[in-house]
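Since every read-out is calculated from the coordinates, none of them should be taken as a lab result. Here the structure is a predicted model, which means the values were calculated and not measured. Quick reminder, even Gly has a Cβ in these numbers, built from the backbone with ideal geometry, and neighbours come from all protein chains shown.
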Amino acid sequence: MYGLILSALLALNVESTIDSVVVYPDQAMVVRRATVSVSGSGQLVFPDLPGILDDNSVRIRAAGLKIGEVQVKPGYSAEPTPRVKQLEDSLKKLDRQARVYTNEKAMLAAKMEFLASVKVAGPDQMSKEVSTGKVDAGNWNAAIGFLGTQMMAVSSRQLEVDELEAALDTVRYAVSQELADVRAKVENRKTVVADVIALENGSHEVTLSYQVPGSVSWEPYYELRASPTDETVTLAYYVRMEQSTNEDWNGVSMMLSTARPAAGGVAPEPRPWYVDLAEAQSYTLINRQEQINAQMQGWTGNANEAGSSMVQRQVVIPQVTPVEAGISLQYAMPGRITLKSGEDAKKFFLHEEKMPADFSYYVYPRVRTASYLRAKVQNSSDFVYLGGKANTYVGDEFTGKTSLANVAPGESANPSFGVDDRMKVHHQRTRLFTSRTGLFSKRTRVDFEFKTTIENYHTKPVTMTLVEQIPTSAHDDIKVSLTKLDTQGAVEDKENGTYTFTFEMKPQEKVVVNIGYAVEYPTTTKIAGLYDAINPARALELEQKYEMKKK
C-alpha cells in the first residue's frame, strides 16, 4: 500500500496492488487496493492497467470520499521495457544475419553461373586446339578437375546456406511472436481516472475493481485414493487454472465461482407462440424470396420501404434467448495464490475429504476379461464436486485415469479404481452350431454358448457384479432368444440385452456362469455384428435410436 496527498484539482498516480481475484469459468474480477491521503478535491489516477479490462465493469469505492466521474482511457508505455528492448536488439541481429545469407546466396549463384558458362564453352575451345594440334592433355585434365571441384563446392555451400536460412527464419519468427506478445502487454494498457472530493481529510482505503473477460480458465481436477483395508476413499479436490490478463497475480486472495456473467441474467418473457397453415407459410416465404430476387436484379421499387418491411417482420417473429439456469457456487481458495500471466496451467489445492466406502468388483467379460475395483462413496461435505478429470490410486499405486460427474452434498458416486489382478476372469465360447429352419422360408439359426469363470484370490470375501450380454436385434427379420442361463437372480434389461448378477465370493472361491443364445435370420441375408463389427455409422444410428427409446 502506498500513500499520496491530493490537493485541490491535483491529479497524481495511485500505486495500487492486486489484493483479491474472483475467478469465473470465462473471466475474472480483479480487486486492487491502495491507501491515499486526500485533502479537498482532485483526481485519483490508476495507470498501467490491462488493456483487455471491461470499461463498464470498473468500480471505485472509498469510505470518506465522494466519487465523481470515472473515466477509462487508453494508456501507453513511454519507454520500452528491458525485455522489449532485448527482443528488438535480437531481431535486428537476426535481420543482419539474414542479409548476410542473402548476399552470400547471390554471390554463389553468380559463381555457379560463371562455372556453368566455362563448362559450356570448354568443348568448343578443346575442338579448336585439336584442329591446330595444340592439345595439352595435362592442362585440360587439370581444368576439368578444377571445374568439377568448384561446382561441387558451390553446390554444397548453397545447400548449407539454404538450411541455415531456414533455421534462421524459424528463430526470427519465434522472436517476432514473442516481441508482439510483449508489446501487446506493455502498449495495450488502460488508465482509470476518478474525480474525488474528501468528505473527511486524511488517509483513505481505496478499492478499484474491474473484470477481464476471456482471459482466465479453470477446471476441477481430483485425486481419488482408495484404501480397501480400512474401507475408505480419500478425495483430494484441486483446480487447474491459467490466466492471460497481462498482469501477474502475486499472493492474492482468490475466490472461485461457477457463475457465468457473460451468459447474461435476463430471463425470457412469455411471447406469442404462433402456428400457421403450411400453405400460408410457404406463400409468405415464396413472396419474400421474390422480393429479394427482384431487388437483386435491379427491380424498380422503394428499397427503403422493402428493407423496413423486412425489419418489421423480424421484430414480429419472437426470438427466444437461451439463459443458463443453475445455482452459482463459490469456493474460497486456502492461503494466498500466485499465478503469472501466460504461464502454463497450475494445480491448486482446494479441499480434501476421507469418506467411508463400500468396495466391490465389476466384470463385463464380453468387452474385457478383467475385474475392476469400484467404490460407492457418499459426499458428506458441503462442497459440490463439479464434474472433472481424476487420477485414481490404490494406496500409493497409480491405477489410471477416470472422470467424476457432479456430486452434490449427500449424493453418492461409484468411481472405478482400475483392474485388480487378484480377481481372475476367464471367458470362452463353448458352443457354436449353425442349422437351417423353416419349410417354406429358409432361415439360418446360429446357437452360441459362453462360459465365464471368476476366481477370488483375496484373503477376504468380496462382492462381485457380473454383466453378461446377448445381441439385440435391429431388424424384424432377425430374432434373438435366450437359450441358457444357469445362474438365478439375474436382473434383466431387455432393451440392451444384459443380465446383471451380484453375489458374494468367499476367499479362493470359483464361480462359473454359462449363458447361451440363438440368432435366427433369413438364409439369403447376410447380417453384421454376429461375428464381425457393425459399421460405425450404423452403430451410431442404432445407439441414437436406443437413446431416444429410453427417453
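Full extension of the chain segment joining T434 with N250 gains 58.9 nm, where the gain is 0.36 nm per residue of separation less the Cα-Cα distance.
Note that segment 482-487 has calculated 3J(HN,Hα) couplings of 7, 10, 7, 7, 8, 10 Hz, one per residue in order, obtained from phi through the Karplus relation 6.51 cos²θ - 1.76 cosθ + 1.60 (θ = phi - 60°); glycine and proline are x.
Extension gain, S227 to S57, is 56.4 nm, computed as 0.36 nm per intervening residue step minus the present C-alpha separation.
Amide H to amide H, with H built 1.01 Å from N, S215 comes under 5 Å of A28, counting only residues 5 or more places away or on other chains. What the Cβ-Cβ distance of F398 and Q150 gives, at R0 = 51 Å and to the nearest 0.05, is a FRET efficiency of 0.20. Once the Cβ-Cβ distance of S203 and Y101 is raised to the sixth power relative to R0 = 60 Å, the FRET efficiency obtained is 0.45. With both labels modelled 7 Å from their Cα along Cα-to-Cβ, the K479 to R368 distance reads 3.7 nm.
Shown is the FRET efficiency for S176 and Q86, computed with R0 = 22 Å from the Cβ-Cβ distance and rounded to the nearest 0.05: 0.95.
Here the simple spin-label model places points 7 Å from the Cα toward Cβ, and for K347 and D421 these points are separated by 2.5 nm.
The label point for A110 and the one for Q330, both projected 7 Å from the Cα toward the Cβ, are 7.4 nm apart.
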